[in-house]
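Please treat every number below as a calculation from the coordinates, not as lab data. The structure displayed is predicted, hence computed values, not measured ones. We place every Cβ from the backbone using ideal geometry, glycine too, and count neighbours over all the protein chains shown.
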Amino acid sequence: MWNLQLPRIQPQFSLKSFQQHQMCNVYSCSLFRYKIQFISFFNQNNFQKIIIQFHFLLLVDQGLLKYDEKVAKYWPEFAQNGKENITLEQVLRHEGGLARIKPEITRNMFQRESIKQNVIGEIIEKQSPKWGKKSTREYHAGTRGYILNEIVRRVDPQQRTIGEILKQEFTDKIDADIYIGVPKEKMKQCVDLIFSISTNPLWAYAHSIWPNRFGAKVIVNPFIQMILHYWTNLTKKIDFNSESLRTGEAPSFNGQGSARGLAKLGNLLVQNGKLNGKQFISQKTLDEFHSEPIQKFDNMTRSITNFNKGGNCLYDENHNNRASFDKDGFVGWQGMGGSVMNWQPKKQIAFSYVPNLMDTDMQNVKGFRLRAQLVKIINDLEKKQ
């Protein structure tokens, strides 16, 4: 086990990384009212989308789903209003044409009992897809999780939701503290999100135009439109610290869990689908999951993203990020506010970073710098062996 001491760079965060059978933990808290623990749960925000992909790994491995199959095969009512040819792979790559849904899905709608009554399903069925002129890819910030949950519960033999499958097949079986729909008895382990003063859109704009000023040293931000429009509107509409949000299933943004649990999931991917000697996912399914990365301009983020067949971003020379440390072969995604969940199959590293201070740096530079430092430490240790 490696223990790293880092400065208290924000009110509270948890970092976890596995490298082969070695483990690194970093925890920090600079506010006395918080006590961070192994079992503390953080809102995972947008990189929660990575957790959804584990469900599809499982269902594809069982022969219940195919990435290139049309969604309507599994969900016939989805075919309404021009959606009949949309494939599962397109939804995973944010190319389903459903980045916005009307009417908006409320907190009451994404409670588990409402989901099973098809309240959200009926809304999605009536939608018409809309694609941008420049590209078919548009980041589905909130809607992707709702769509995928409807597919999963129709395909699963027990008709379970994403949250139920996560708990029964992953949380319980591999002892990973991750939930989409936190049980009431676990609610005390949830850590509140804090919205920093820099979440003011004018401050974010200044950081993005003058990245080396104000002492920030922030790399130029291509996601500024998302900051100004989506980020500020979302935090006004949604109380991320409410019990009703934590118990519901909004799979794209309301997952709760520890960095330890997230890194355990990542470790499953870098250990060829095995954990504790047990084969959870076949190598064939993992190979397909990581295959066929396609770089394409995203109409929402205004940048080029590089999503593979399983819906994960491959951070290599084709990923349009100004940070040089972000082109090192890691796979995964990052969450709005600073979270990161990545893994590196070749080096067998699984990395997770979950803060509760919501930062406006949409490129998650802090998390990626921590990840780069971890890789450097591992490389230095390997040279000494």
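Okay, which of the range 297-316 sit inside 13 Å, backbone N to the point 7 Å along the Cα-Cβ direction of Asp287? Residues passing the 13 Å test: none.
Full extension of the chain between Lys383 and Lys73 gives 106.4 nm of extra length, using 0.36 nm per residue less the Cα-Cα distance.
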